[in-house]
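Everything on this sheet refers to the single structure shown next.
The values are calculated or read from the model by the stated rules, or taken from the named source; none is laboratory data. Everything numeric here is computed off the predicted structure, so don't read it as measured data. Quick reminder, even Gly has a Cβ in these numbers, built from the backbone with ideal geometry, and neighbours come from all protein chains shown.
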Amino acid sequence: MKEELQELYKYRGLLYMITYRDIKVRYKQSVMGFLWAILMPVLIVMSGIIVRYAYGLAAHVPLRTADIASVAVKSLPWAFLVSSIRFSCNSLINNQNLVTKIYFPKEIFPMAAVLASLFDLFVASGALLIFLLLIHTGWSAYLIWIPLLVVTMVLLATGIGMIVAAASLFFRDVKFIVEVLLTFGIFFTPVFFEVGMFGDKGKWLLLNPVGPILEGLSACIARHQSPDLSWFAYSLGFALFALLGGFVFFKHLEPAFAESV
Amino acid sequence: MSDVALRMEHVYKKFRKGEIYNSLRDLLPALTGRMFQQRELREDDQREFWALQDLSFEVKRGEAFGIIGQNGAGKSTALKILSRIMKPTKGCMVVDGRLSALIEVSAGFHQDLTGRENIFLHGTILGMTKREIESKLDQIIAFSGIEEFIDTPVKRYSTGMFARLGFSVAAHVDPEVLIVDEVLSVGDYVFQRKCVDRMKEVIRGGATVLFVSHNLRSVAEFCQRALLLDKGRTVRIGPAQEVIAAYLNRSGGEHSADTNSSPVSISKVTVRNESGERSQFQSGQKAWIDVELIARSRCTKLSVSLYIRDEYCTLVFNTSTERLGHGNFTLEEGEAFLCTFELQLNMATGIFHPSVLVNRYDIQREYDRWEPAATIYVSSPDDVRGFVHCFPRVVRQEIRAVSEANLAGATRRVASGEACRSE
């Protein structure tokens, strides 16, 4: 384990290079350039607002700006998670040439996919910031939680990314299963709704480790509150476990990569 | 640092052939099926095959070592194990020093990036740091000879340009142990020469080189020692020339005709000199090719053709018994026919493949073809290149003073020549 981490550190230049390539290629290929990073979150935010508006109509509760801010804040990390898992899942398959021909720590591929998605998240965050300023969300000292919550999200995405990347190399249908899970995952994650709406049953939704992170972000940005610490600890623990498990799983399968492609 | 740069000890590699479950949809039913049927497990064992068996060798620091063998002999598997892409099933492998593998020169390229961006990407993949690449960037671009297109996305490159850029990057990694697999066969002749010179420079610089190739000429040129593999087993290991000779003696050709159905077939072809069968000749030496045919039924108006091709399948020489003025011949059922071609091997250094054909000219029918029937290695003490040896000598060479008037004329000619080119 220690040697593997040392080796990964030795190849950090390559991680940077592959990330740079992934970002560059993504922005070069699409006509819209940087708009690409914003399009997906904008769509999610808009569908979120529609869902919240419908909910408001049904419950006879008017739609408040805080609700809109909350949906917008939670959509971005969700879009990041979906895109990092999707790109990691294909990262080894798309780089078959390198996987079978040249030696280096292969976890660089899923990691680069996550980092490239993180770059998209930063671009989209710029747009979000403008949006939040426009709707006068305001700010508080709780914003200090943001980096910690985002890092937890990145760790979780990396862990899951490594697992699906390795698995999809051995079983070609993993890709489709992941795609289905990502599509319907939004209904099992508090993106469009708040856990509070479910009353006591809300805690079951927080068992999804993404839930507490999104709720935490919404709390500190939109509602100017501290995140729920115990649930955050749960998510962080889960993320670290996923990262460690994913790394061990990936390294265990790595020697067989070149043969299975 | 020890004297040995690279060592393999009793390395075995096992692969599974046949169906591999590569989707969960196939795997799950197969797993449940397997729980009830123990027999299937045993069948699995039969589907395994050994790509490498008991491979052991050592390469000393600063040595160039070649691995040769036919397709499927296990050369690439050996390289993949050495470059740590694959793990051996059994045995161990030690590499001492920074290792770089040129297994496929342009594997790291991305189609949508420009040549310059790809140099950085590919260089990093091959283990160079960003600073190293920056310092060598101009050299790399100059070596590739595609300065003009360096800021064009590589998807618009021709195959040759692509490979040249790939090799240029690879050639500027300064490894202690270099593994090379067939990368010298890219680009045109001029570029190939450049690559060969660069390889020699790397070897002179004290790097250990492991070289895998079908191109026996370059193995002979670079390597002091070599290893011959066949079906995963070591056949011979020793000085490169001896190992190449052993390889040439083993490789037999293929019959086109089914020997049981064709009315006449080639039963034997041997290449020899005065003292017996051999595969290595000196340029200008005589060689005899004995051909034996057997007829299963009556055949008329037959003749035997002889073709000689070089290692790139270019036809170097062709003749036939009929064209040499011996007329055609007829064979009755159960008869054998023997003939011998005497040749003078006026070829330059290289590998040549004689092939033999039995045919009937007037109806253009080919009865049997043995291609290649043998492989021979022709060597020459003089440094001559190309197909033929014209036995050249320089019979006059002098340096003479030129008058002012002539010199001015020459300068004018050069100047006008350049003007033409720039237009």
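What to note about this one:
- Residues that are within 16 Å of the chain's Cα centre (by Cα) and over 20 Å from A:Ser168 (Cβ atoms) are absent from region A:135-143.
- Tally, over region A:75-94, of residues that are surrounded by fewer than 22 Cβ atoms within 10 Å (Cβ to Cβ) and within 14 Å of chain B (Cβ to nearest Cβ): 2
- Single match in B:Gly123, B:Gly66, B:Gly108 (criterion: more than 14 Å from every other protein chain (Cβ to nearest Cβ) and of a type in the set (Gly, Ala, Ser)): B:Gly66
- Residue within region A:4-19 that is over 18 Å from A:Asp120 (Cβ atoms), away from every other protein chain (no Cβ under 14 Å) and without any contact (Cβ under 8 Å) to a residue 24 or more places away in the chain present: yes
- Of all residues making up region A:141-192, the number that are aromatic (Phe, Trp, Tyr) and within 14 Å of another protein chain (Cβ to nearest Cβ): 3
- Residue pairs whose Cβ atoms lie under 6 Å apart, separated by 6 or more positions or on different chains, with the first residue in region B:194-218 and closer than 15 Å to B:Ser100 by Cα and the second of a type in the set (Lys, Arg) and surrounded by 16 or more Cβ atoms within 10 Å (Cβ to Cβ), are B:Thr208/B:Arg61; B:Val212/B:Lys75.
- Residues being among the hydrophobic types (A, V, I, L, M, F, W, C) and under 21 Å from B:Asp112 (Cβ atoms) - total across region A:70-88: 1
- Test: residue in region A:144-163 that is touching an Asp or Glu at 6+ places or on another chain (Cβ under 8 Å) and either among the aliphatic types (A, V, I, L, M) or crowded, with 23+ Cβ neighbours inside 10 Å (or both): yes
- Test: residue in region A:57-70 that is among the β-branched types (Val, Ile, Thr) and in contact with a His (Cβ under 9 Å, 6 or more places away or on another chain): yes
- If you go through region A:99-113 and keep only what is in a helix (DSSP H, G or I) and either more than 9 Å from chain B (Cβ to nearest Cβ) or within 25 Å of A:Leu155 (Cα to Cα) (or both), you end up with A:Val99, A:Ile108, A:Phe109, A:Pro110, A:Met111, A:Ala112, A:Ala113.
- Evaluation of B:Gln139 against the conditions (1) facing another protein chain (nearest Cβ under 7 Å); (2) assigned to a helix (DSSP H, G or I) shows that the sole unmet condition is (1).
- Within region B:84-118, being of a type in the set (A, V, I, L, M, F, W, C), within 27 Å of the chain's Cα centre (by Cα) and over 18 Å from B:Leu6 (Cα atoms) holds for B:Val105, B:Ala107, B:Phe109.
- Residues of region A:213-261 satisfying the condition of being surrounded by fewer than 20 Cβ atoms within 10 Å (Cβ to Cβ) and among the polar types (S, T, N, Q): A:Gln225, A:Ser226, A:Ser230, A:Ser260
- Residue match in region A:190-197 (condition: assigned to a helix (DSSP H, G or I), at positive phi and either out of contact with any strand residue (DSSP E or B) (no Cβ under 8 Å at 6 or more places or on another chain) or among the polar types (S, T, N, Q) (or both)): no
- Every listed requirement among (1) buried (at least 16 other Cβ atoms within 10 Å of the Cβ); (2) away from every other protein chain (no Cβ under 14 Å) is met by A:Ile130 save one, (1).
- Selection within region B:126-136: residues that are within 9 Å of another protein chain (Cβ to nearest Cβ) and touching a residue at least 12 places away in the same chain (Cβ under 8 Å). The member of this set that is farthest from the chain's Cα centre (by Cα) is B:Met128.
- Screening A:Val123, A:Val151 for residues that are under 11 Å from the mean Cα position of the chain (by Cα) and either modelled with pLDDT under 90 or part of a helix (DSSP H, G or I) (or both) leaves exactly one candidate, A:Val151.
- B:Val180 satisfies every condition listed in (1) part of a helix (DSSP H, G or I); (2) crowded, with 22+ Cβ neighbours inside 10 Å except (1).
- Matching entry among B:Phe317, B:Phe341, B:Phe352 (being hydrophobic (A, V, I, L, M, F, W, C), within 20 Å of the chain's Cα centre (by Cα), part of a strand (DSSP E or B) and assigned by TED's automatic domain parsing to the domain that holds B:Val291): B:Phe352
- Residues of region B:87-129 that turn out to be in contact with a strand residue (DSSP E or B) (Cβ under 7 Å, 6 or more places away or on another chain) and either buried (at least 20 other Cβ atoms within 10 Å of the Cβ) or part of a strand (DSSP E or B) (or both), as a count: 16
- Test: residue in region A:241-259 that is touching a Lys or Arg at 6+ places or on another chain (Cβ under 7 Å), in a loop (DSSP other than H, G, I, E, B), of a type in the set (Asp, Glu) and under 19 Å from A:Ser88 (Cβ atoms): no
- Filtered residues of region B:231-244 (kept if assigned to a strand (DSSP E or B) and either out of contact with any strand residue (DSSP E or B) (no Cβ under 9 Å at 6 or more places or on another chain) or closer than 17 Å to B:Thr208 by Cα (or both)): B:Gly238, B:Pro239
- Long-range neighbours under 6 Å by Cβ, at least six apart or interchain, first residue exposed (fewer than 14 other Cβ atoms within 10 Å of the Cβ) and modelled with pLDDT of 85 or more within region A:45-67, second outside any helix (DSSP H, G or I) and of a type in the set (Lys, Arg): none
- Region A:20-33: number of residues that are more than 10 Å from chain B (Cβ to nearest Cβ), exposed (fewer than 14 other Cβ atoms within 10 Å of the Cβ) and under 23 Å from the mean Cα position of the chain (by Cα): 3
- Scan of region B:302-314 for residues that are under 14 Å from B:Leu357 (Cα atoms) and either outside any strand (DSSP E or B) or at pLDDT 90 or above (or both), ordered by number: B:Leu302, B:Ser303, B:Val304, B:Ser305, B:Leu306, B:Tyr307, B:Ile308
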